[in-house]
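The values are calculated or read from the model by the stated rules, or taken from the named source; none is laboratory data. Every value quoted in this text rests on a predicted model; they were computed, and no experiment measured them. With ideal geometry, Cβ positions are generated from the backbone for all residues, glycine too; neighbour counts draw on all protein chains shown. Ligands, DNA and RNA are stripped out before the accessible areas are found, and what is left, the full protein with its side chains, is counted by its heavy atoms. Shrake-Rupley method; radii C 1.70, N 1.55, O 1.52, S 1.80 Å.
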Amino acid sequence: MPKILSARERWLVGGLIFIILFSVFSLAIKGYLNRTQVKADLGGQYQEGIIGQPHYFNPVLAQANDADRDIVQIVFSGLLKYDGQGNLIPDLAQNYEIKENGLVYDFFLKKDIKWHDKEPLTADDIIFTIKTIQDQDYKSPLKTNWGGVEVEKIDDLTVRFKLKNIYAPFLHSFTVGILPKHLWAGISPQNFHLAEYNLKPIGSGPYKFKKITKNKAGAVQSLELERNKDFYGLKENESAPRKGPYLKKLIFRFYPNEEEGIKALNKKQVDGISLLSASQEQTLRRRDLTIYQITLPQYYAVFFNQSQSKVLADKTVRLALSYATDKKEIIERVFKGKASAVDSPFLPGSPGYTSQTKIYDFALEHAKNILEAEDWKDSDNDGIREKKISGPGSTAEETKLEINLITTEWPGLKETAELLKTQWEKIGVKVNLEIVSFKTIEEEHIKPRQYQALLFGEVLGADPDPFAFWHSSQKKDPGLNLALYNSKQADKLLEDGRQTLDPAIRAQKYEEFQKLVVEDAPVIFLYSPTYLYRVIGKIKGINLERLALPSYRFSQIENWYINTDRVWK
């Protein structure tokens, strides 16, 4: 043909042949794409930087430390867990039944669940874990959640829980990780906190312990986990079971503060970092990160310990400080607008929240006026107000309007405290600011309740029960009543609210309680920040919006993946 056809005709025929071949090839590709789909595939690893130092990878002990909770969430399993929207879903449990108007809970376990050491997980492990939590000798911070609960074995795969009184949020308690009885039963309460399994855990979760690295001082530097190929419940369909999580390995590197963690992320030493406040966003230089904005049910506030300060025992002073607090300035300057103002012990959208309550809007002149009206005056012109105050059985003494405000060095809190100092000094208050480490504030101030004004946060949980934060029985450690609030009327409302399953009645009780707390002004509610979770873009399968705790970002880590494959539909 090349000899017969002219040059122009040869070009024309060649072009037609190319078009035909290209069309056939395109149709073949289109048919293949239509008949196949992209699915996650096994492989790859993920490294995350965690702020803080771990102590106990043990669900019975881990509740006070984010670094511990993060690892516990991955290594251990509970009867229930949360999805990315904060809803409860089955974990170890196949299903459950609630009986006798909320006094009996029956849980039915999935079959053939194994611990990381291949031993079977049974009802005995569930019972052992709960009874360990209930035993005061083990000093579990979860003890109050399980007080008065009876637990019994029906058979190897069925456990029954009996309550003496109805407890509306009780279902959320079943997210606690379960310990293997065959490893922990022989360890005494005296040695429980010292056991090797606290840092070399054996659980039933999607990843299992492989290696831990410490420096010469004994601080944990890194932890390596490997996929649990026997992880239960991973079936794409009955004919194609998925064996274990997608990612082969997880590596966690621990940093003493946010600055060090962000530095490691910028240097690409880690692929992601634990939840950070928006105040740190401007320090990130990497452009290959996906940022997940997460809402947590928590708020930050200034808690007043009136027993430690005659000044703060004066309600007028507490009210004046409330009116002198510019929350908008704090949110804009510290969090770049990525936080919401909080005015009550409940967050919008939670049971018991009502907007029909008093709000102490920023009003600097009003704050000054109410202090003047109650004889808090700056008589010596030193910029600090004073007043004669008498204690029980004592004569009146000239008392300066002076407050000691303490908080932790955690970024965001330090900046907030500095702003509060500036704002309050404008109405004639002397503020002595103390910034300490998290360990110091916990051990030396919060536990013994040694502070006048404490800037700190409270995590409310998925179904908030304000009892632990506000009931008078919780004024001492391990209770969380940081304001040492004491009101018989509030106590009764809290008790009634947690013992009704009727959402409308429960909401009514909490609304009344909310109004009481706001009126008494034992705290200054400040803000609820939006948290940012930064992860390298190649990690897929992350589905996060609302979390009860930061550690629940890992509740479905078995579905995270890097590699993909195309398979026939």
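Pairs from the table (Lys139/Lys208; Lys111/Lys540; Lys114/Lys162; Lys164/Lys515; Lys216/Lys439; Lys214/Lys439) lying more than 23 angstrom apart at Cα are Lys139/Lys208; Lys111/Lys540; Lys114/Lys162; Lys164/Lys515.
Label-to-label distance for Lys426 and Ile166 is 4.8 nm, based on points extended 7 Å past Cα in the beta-carbon direction.
The spread of Cα positions in the stretch 289-383, taken along each principal axis and listed from longest to shortest, comes to 57, 31, 27 Å. For Ile166, the accessible area of its heavy atoms, probed at 1.4 Å with every protein chain present, is near 40 square angstrom.
Which value, in Å², gives the accessible area per residue of the stretch 179-315 when a 1.4 Å probe is used on the protein heavy atoms? It would help to have the intermediate numbers written out before the result.
Details: 6510 Å² over 137 residues.
Value returned for the stretch 179-315: 47 Å² of accessible area per residue.
Tell me, what % of the accessible area of the stretch 394-540 is carbon and sulfur with a 1.4 angstrom probe? After summing per-atom areas, the C and S share lands at 49 percent.
Annotation for the stretch 498-549 versus the stretch 385-460: alpha-carbon center distance of 25 Å. Pair-distance distribution of the stretch 63-144: all C-alpha pairs, bin width 10 Å, starting at 0; shares per bin in whole percent are 14, 40, 40, 6.
Note down the Stokes-Einstein diffusion coefficient of the chain in µm²/s, whole number, using a Kirkwood radius over alpha carbon pairs, 20 °C, and 1.002 mPa s. It would help to have the intermediate numbers written out before the result.
On the way: Rh = 26.7 Å.
Diffusion coefficient, whole number: 80 µm²/s.
Given a 1.4 angstrom probe, I'd like the percentage of the accessible area of the stretch 143-215 that is carbon and sulfur, rounded to a whole number.
46
Taking the square roots of 5 times each eigenvalue of the Cα gyration tensor of the stretch 1-83, largest first, gives ellipsoid semi-axes of 66, 16, 8 Å.
What are the semi-axes of the equivalent ellipsoid for the stretch 96-174, taken as the square roots of 5 times the Cα gyration tensor eigenvalues, largest first, in whole Å? Let's see the in-between values first.
On the way: eigenvalues 93, 61, 18 Å².
Output for the stretch 96-174: semi-axes of 22, 17, 10 Å.
Multiplying the residue separation of Lys210 and Glu434 by 0.36 nm and subtracting their alpha-carbon distance yields 76.6 nm. Relative to the longest principal Cα axis of the chain, at what angle does helix 488-498 sit, 0 to 90 degrees, rounded to 10? For 488-498 against the chain, the angle is about 20 degrees.
Compared with the dominant Cα axis of the chain, that is its longest principal axis, helix 413-425 is turned about 30°. Diagonalising the gyration tensor over the Cα atoms of the stretch 1-154 and scaling each eigenvalue by 5 before taking the square root yields semi-axes of 64, 21, 14 Å, largest first. For a test of the definition: using alpha carbon positions, the gyration tensor, and the 1.5 limit on a/c, classify the stretch 133-247 as rounded, prolate or oblate. Taking the square roots of the gyration eigenvalues as a ≥ b ≥ c, the stretch 133-247 is oblate.
Rounded, prolate or oblate for the stretch 430-569? Axes are the square roots of the Cα gyration tensor eigenvalues, ordered a ≥ b ≥ c, and the cut-off for rounded is a/c under 1.5. Please list the in-between numbers first.
Details: a/c = 2.92, a/b = 1.58, b/c = 1.85.
Taking the square roots of the gyration eigenvalues as a ≥ b ≥ c, the stretch 430-569 is oblate.
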